[in-house]
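S.K.: Can you read through this structure? Questions will come right after.
The values are calculated or read from the model by the stated rules, or taken from the named source; none is laboratory data. Predicted model only: the values in this text are computed from it and were never measured. Reconstructed Cβ throughout: ideal geometry from the backbone, glycine too, with neighbour counts over all protein chains shown. Just so you know, the surface numbers come from the protein's heavy atoms only, side chains and all, with ligands and any DNA or RNA stripped out. Shrake-Rupley method; radii C 1.70, N 1.55, O 1.52, S 1.80 Å.
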Amino acid sequence: MSNHGISPTETGETACSPGRKPLRIWLIQTGETLPLEGSARKMRTAIIADELLRRGHEVVWWGSCFDHFSKKWVWNSDTEVVLDSGLTIIALKGMGYKKNVSPARFIDHRIVSRKFPRRASKRPLPDIIVANMPPHDLAFHVVRFAQAHNIPCIVDVRDPWPDIFVDQAPPALRGIMRALLAHDFRMTARLMHDATALFTVSKRFMSWALHYAGRPQNQWDEVFYLGARSDLNYSSENNRIARQLDELQAQFVVTFIGTMSTYHNPEIMLEVADAFAGEDVLFVLAGSGDAFDEIKRKAQHKANVLLPGWLTQDEIAALLTVSDVGVCTTPEQIDLFPNKAFSYLSAGLPLISAFEGDLAELIDEEMIGFNYSPGDAVAVVAAVRQLRDEPDLRERMATNARRLFSARMSSEAIYSAYCDRVETTASAHTDK
C-alpha cells in the first residue's frame, strides 16, 4: 500500500510544478477552526491551504459559521471573507451543537450540507475539490455536485461516519440505530464509490473507505497521516501555560493534549495521578470537550493535576517543550492514530498509548514508548514510573521518537506530498 505519510516524496521549490497552470481548488472542511487569527492553531486543512496558496493556486475553503472546538459562533449568518493570504473562506450557518456526538450536531451538518449545492452553483467552478469527511452528508452533496459538473473530487476521510453514531449507542440499541441511519449508510457507500480518489489518515481508515466504495485501492488513493509541524518555537510573553509550569516547577511532566471526548477521554489519568500523589510528577490534561467539566470536577482536589483548558499554538509548544511523556488515552478498544501523537513525537516525547492499529505498531517497532489496554491504569502507572526512574530508557525512546518524526511524520513533508497528489489528480482527470 502506497503511503505518503510514511514515505513522503520531495517537491521542487518553484511556485507551481513545471508545466502546470494555477488551479482553482475547493477545500470542504467544517470541523476545523478557521485560520482567522495569527495565534489560531493551524490544523490539517489550514496547512494544506497555505501550501496550495504558496504554489500559486486559488483556494476556497468551504466551512461552517460554528466553531466545532469552542462551540461558539464565528458569524451569525452565511459569510464570505478573503484573508490577507489570499484564502477565500465561505462559511455556512447551521444550528450549532453542544456535544460532538449528538442529534443537534447531526441536524447542524444536514443544514450545512443542503446549503452547499445552492451556494456552490453560483460560483466559478473549481478544477478539483477536496471534501473532508466527516460529515458524510456534506461530502455526499459535494461529490454529487462534482459529478454533475465533471470535476474531480477527492474525499479525505478523518473519521468513520455514520458508523460512529452506531458505535456510541448502547449495545442493545445498535441494531435500531443502524436501521434508522440506513439512508446515511447508503450515502456513505455512494460517495466513497463515486469519489475520484480516497485520502485517509490511517491504513485502517483506507480499508474502511474501500469497503464502502466496493473496490480495491487504485493509483489515486493514498494514506496521509495527520502529522505535526516541526517548529516548537514559541513566545513566552503572555504565555499562561509557560507561566503556570514555571510556577509549579515540576521535574517530571506527563502530558495529554486534545479534545476530551468519547474516544479521547483522559479520565484514566486521574487514577494514575493518585498513584503519584506526593511525588514530583505533574499531570497536565490540556484541551476541552464533552468530558472536560466532569474531569475538572473529579480533579479539583488533586494537587498534581493541571487542567489549563484549550491552548493556543504558542501554549502547546511551551507545554511540549517541558514535557517528559505524552499520553494517548481511550476508554475502549479502537484503531485510531490520534493527532496528539504527532505533536508528542515532534517534541521527542516517549508515548504511552491505548490505541490499536498503526500507532500501536509504530510504538513497538520503533521503540518509542508503551502500549496499554484501555482502562488498565496499573499499566499506565508502571509505564510512567519506568520512564521517570530510568532516564537512559527515556532518552533512547526520545531519540527514536525524534528520528521517526523527522523522517516520516512532519507535516511539512506529509502535506507537500499531499498537495503534489492534489495537483496530479486534477491534471489527470481534467476534461475526461
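S.K.: Of all residues being touching a His at 6+ places or on another chain (Cβ under 9 Å) and of a type outside the set (Gly, Ala, Ser) in segment 205-226, which is nearest to Ile164 (Cα to Cα)? Just the residue, please.
M.R.: Tyr212
S.K.: Yes or no: segment 44-59 includes at least one residue that is among the basic types (Lys, Arg), touching a strand residue (DSSP E or B) at 6+ places or on another chain (Cβ under 9 Å) and either open to solvent by less than 60 Å² (accessible area, probe 1.4 Å) or at pLDDT 95 or above (or both). Steps first, please.
M.R.: Of segment 44-59, the ones among the basic types (Lys, Arg) are 44, 54-55.
When the remaining residues are screened for being touching a strand residue (DSSP E or B) at 6+ places or on another chain (Cβ under 9 Å), the result is 44.
Filter once more, keeping what is either open to solvent by less than 60 Å² (accessible area, probe 1.4 Å) or at pLDDT 95 or above (or both): 44.
Yes, that holds for at least one residue.
S.K.: Of the residues Arg110, Arg105, which is without any contact (Cβ under 8 Å) to a residue 12 or more places away in the chain, out of contact with any strand residue (DSSP E or B) (no Cβ under 7 Å at 6 or more places or on another chain) and either in a helix (DSSP H, G or I) or more than 21 Å from Pro152 (Cβ to Cβ) (or both)? Spell out the reasoning first.
M.R.: Values: Arg110 fails: without any contact (Cβ under 8 Å) to a residue 12 or more places away in the chain.
Just a single option satisfies the conditions, and that option is Arg105.
S.K.: Has segment 358-365 got at least one residue that is touching a helix residue (DSSP H, G or I) at 6+ places or on another chain (Cβ under 9 Å), farther than 22 Å from Val322 by Cα, at pLDDT 95 or above and among the acidic types (Asp, Glu)?
M.R.: no
S.K.: Within segment 287-350, considering only helices (runs of 4 or more DSSP H) that don't extend past its boundaries, which have at least 3 residues that are in contact with a Gly (Cβ under 8 Å, 6 or more places away or on another chain) and open to solvent by less than 20 Å² (accessible area, probe 1.4 Å)? Steps first, please.
M.R.: Values: elements: 292-299, 313-322, 339-346.
Here the list reads 339-346.
S.K.: Here's another thing I want to ask about it. Give the residues of segment 373-432 that are part of a loop (DSSP other than H, G, I, E, B), under 26 Å from Asn265 (Cβ atoms) and more than 26 Å from the chain's Cα centre (by Cα), sorted by residue number.
M.R.: Residues satisfying the conditions do not exist here.
S.K.: What are the pairs with Cβ atoms under 9 angstrom where one residue, in segment 263-283, is in a helix (DSSP H, G or I) and the other, located anywhere, is crowded, with 23+ Cβ neighbours inside 10 Å and not hydrophobic (A, V, I, L, M, F, W, C)? Sequence gap at least six, or different chains.
M.R.: Ile268/Thr329; Met269/Thr329
S.K.: Further question on the same structure: Do you know which residues across segment 392-417 are of a type outside the set (Lys, Arg) and modelled with pLDDT of 95 or more?
M.R.: Asp392, Leu393, Glu395, Met397, Ala398, Thr399, Asn400, Ala401
S.K.: Then there's this: How do the pairs read when you match residues in segment 386-409 that are closer than 27 Å to Ala275 by Cα with residues anywhere that are assigned to a helix (DSSP H, G or I) and open to solvent by 30 Å² or more (accessible area, probe 1.4 Å), using Cβ under 7 Å and keeping only pairs 6 or more apart or on different chains?
M.R.: Matching pairs, first to second residue: Leu387/Arg394; Leu393/Gln386.
S.K.: When you check Ala354 against the structure, is it touching a Pro at 6+ places or on another chain (Cβ under 9 Å), buried (at least 20 other Cβ atoms within 10 Å of the Cβ) and at pLDDT 95 or above, yes or no?
M.R.: yes
S.K.: Among the candidates Arg123, Arg119, single out the residue that is touching a residue at least 40 places away in the same chain (Cβ under 8 Å) and in a loop (DSSP other than H, G, I, E, B).
M.R.: The unique qualifying residue is Arg123.
Here is a yes/no grid of residues against (1) modelled with pLDDT of 65 or more; (2) of a type in the set (A, V, I, L, M); (3) in contact with a strand residue (DSSP E or B) (Cβ under 8 Å, 6 or more places away or on another chain):
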| site | (1), (2), (3) |
| --- | --- |
| Met1 | no, yes, yes |
| Glu10 | no, no, no |
| Pro22 | yes, no, yes |
| Ile25 | yes, yes, yes |
| Thr30 | yes, no, yes |
| Ala40 | no, yes, no |
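S.K.: Here's a follow-up. Considering segment 202-228 alone, what residues qualify as being surrounded by fewer than 22 Cβ atoms within 10 Å (Cβ to Cβ) and in a loop (DSSP other than H, G, I, E, B)?
M.R.: Hits for segment 202-228 are Gly214, Arg215, Pro216, Gln217, Asn218, Gln219, Trp220.
S.K.: Does segment 410-426 contain at least one residue that is closer than 30 Å to Ile151 by Cα and without any contact (Cβ under 8 Å) to a residue 24 or more places away in the chain?
M.R.: Within segment 410-426, one or more residues are closer than 30 Å to Ile151 by Cα and without any contact (Cβ under 8 Å) to a residue 24 or more places away in the chain.
S.K.: Now for a different question. On the basis of being among the acidic types (Asp, Glu) and part of a helix (DSSP H, G or I), does Asp137 make the cut?
M.R.: Values: among the acidic types (Asp, Glu): yes; part of a helix (DSSP H, G or I): yes.
Spelling it out, Asp137 is indeed among the acidic types (Asp, Glu) and part of a helix (DSSP H, G or I).
S.K.: Of the residues that make up segment 356-372, is at least one aromatic (Phe, Trp, Tyr) and assigned to a strand (DSSP E or B)?
M.R.: The answer is yes; a qualifying residue exists.
S.K.: Run Asn100 past the list (1) surrounded by 16 or more Cβ atoms within 10 Å (Cβ to Cβ); (2) in a helix (DSSP H, G or I); (3) among the polar types (S, T, N, Q) and report the number of the one that doesn't hold.
M.R.: Of (1) surrounded by 16 or more Cβ atoms within 10 Å (Cβ to Cβ); (2) in a helix (DSSP H, G or I); (3) among the polar types (S, T, N, Q), only one is false for Asn100: (2).
S.K.: Can you name the condition, by its number, that Phe256 falls short on among (1) part of a loop (DSSP other than H, G, I, E, B); (2) among the aromatic types (Phe, Trp, Tyr); (3) at pLDDT 95 or above?
M.R.: (1)
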